[in-house]
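Below: one structure, written as structure tokens.
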Amino acid sequence: MSNLETEDETAVSTATSSDPTDTSILRVENMIKRFGGITAIDGASFEVERGTITGLIGPNGAGKSTTFNCITGVHEPDDGAVVFDGTEITGRDPHQVANQGLVRTFQIARELPEMTVLENMMLAPKDQLGESMWHSVMPIARQEVVEQERELRERAWETLEFFEIDHLAEEYAGNLSGGQRKLLELARALLTDPEMLLLDEPMAGVNPSLEKKLLSHIHELQDQGYTFLLVEHDMDVIMNHCEHVIVMHQGQVLAEGEPAAVKDNEEVIEAYLGGDV
């Protein structure tokens with residue numbers, strides 16, 4: 001085991017919350033992120049309740065994508081903290097954040113286009129024995145690799161069936177439509193065994209039929225205990241499918257609450273219409 005892995009396990013054991021009354025799975029605390037002289041996030045704080053679908057909205061340039069990037073380790077905040085499931089993950093690398101159980105998708109799906117859908121799926125699960133040279137070459141250990149690969153392949157097929165794209169398993173990922181790529185990306189994210197998924201513009205480029213299917217799957221997964229935080233410009237999606245909405249403006253949290261209350265908030269209306277807030 002590497003020193004890095006040892007340090008991670010130590011951090012988990014010392015930072016994990018023991019408060020059984022804490023219903024939040026993600027907390028962003030006074031986050032600040034600057035790029036040169038520009039402050040993209042200016043003291044943003046919010047929480048996401050476990051088991052909910054929460055929307056993160058705001059005008060272009062509000063800081064939504066930068067917030068996602070700071071939560072998931074793409075950028076390191078200049079100040080503030082990110083706490084996931086009781087453990088502070090501020091500044092961790094993306095793969096460490098994902099291994100903790102916090103996984104994101106992207107506005108533009110990042111499939112490997114020259115590999116099949118099934119091959120893309122098989123790359124997702126973590127801790128694969130075949131990644132170890134020793135397991136790959138030693139006869140006894142190699143059998144363990146084969147057995148694990150069989151189990152992972154079964155999981156991949158089951159997940160593709162859940163998203164109703166199993167008929168595309170042998171198709172090259174680069175040949176999929178935009179909506180099919182979104183389904184693949186979400187399916188692939190599930191194979192990493194996440195507790196929470198951050199979805200960046202999940203409905204962008206998706207036709208109405210696939211949008212309905214994707215939203216149906218998200219609700220099914222919520223019923224199974226998954227938590228979602230999604231950035232989305234389609235207000236119908238936000239208002240009809242989120243229990244809680246967080247509104248960002250100029251790098252700060254402008255308002256939050258139930259969709260109906262946020263929709264009627266005068267400051268939110270002014271921010272979206274370009275008024276002075």
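FYI, it's all coordinate maths here, none of it is from the lab. The model shown is predicted, which means the values in this text are computed figures rather than measured ones. Ideal geometry is used to build each Cβ from the backbone, glycine not excepted, and the neighbour counts take in all protein chains shown.
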field: Vicinal HN-Hα couplings computed from phi for segment 60-77 (Karplus, 6.51 cos²θ - 1.76 cosθ + 1.60; Hz; Gly/Pro x)
entry: 4, x, 6, x, 5, 5, 5, 4, 4, 5, 6, 5, 9, x, 5, 10, 9, x
field: Amide H contacts of Asp78 (H built 1.01 Å from N, under 5 Å, at least 5 apart or other chain)
entry: Ile32, Lys33, Arg34
message: Using DSSP to call loops (not H, G, I, E or B), can you name the GluC sites (Glu not before Pro) in segment 85-120 whose Cβ has at most 14 other Cβ atoms within 10 angstrom?
response: Glu114
- prompt: List the lysines whose alpha-carbon lies under 26 Å from that of Lys64, not counting same-chain residues fewer than 8 positions away?
  reply: Lys33, Lys182, Lys212, Lys213, Lys263
query: Per-residue HN-Hα couplings for segment 85-98, Karplus 6.51 cos²θ - 1.76 cosθ + 1.60 at θ = phi - 60°, whole Hz, x for Gly and Pro?
result: 6, x, 10, 6, 10, 3, x, 6, 5, x, 5, 5, 4, 5
field: Sequence-distant residues sharing a close amide H with Ser24 (under 5 Å, placed H)
entry: Arg50
Long-range HN-HN contacts of Gln252 with modeled amide H, under 5 Å: Asp42
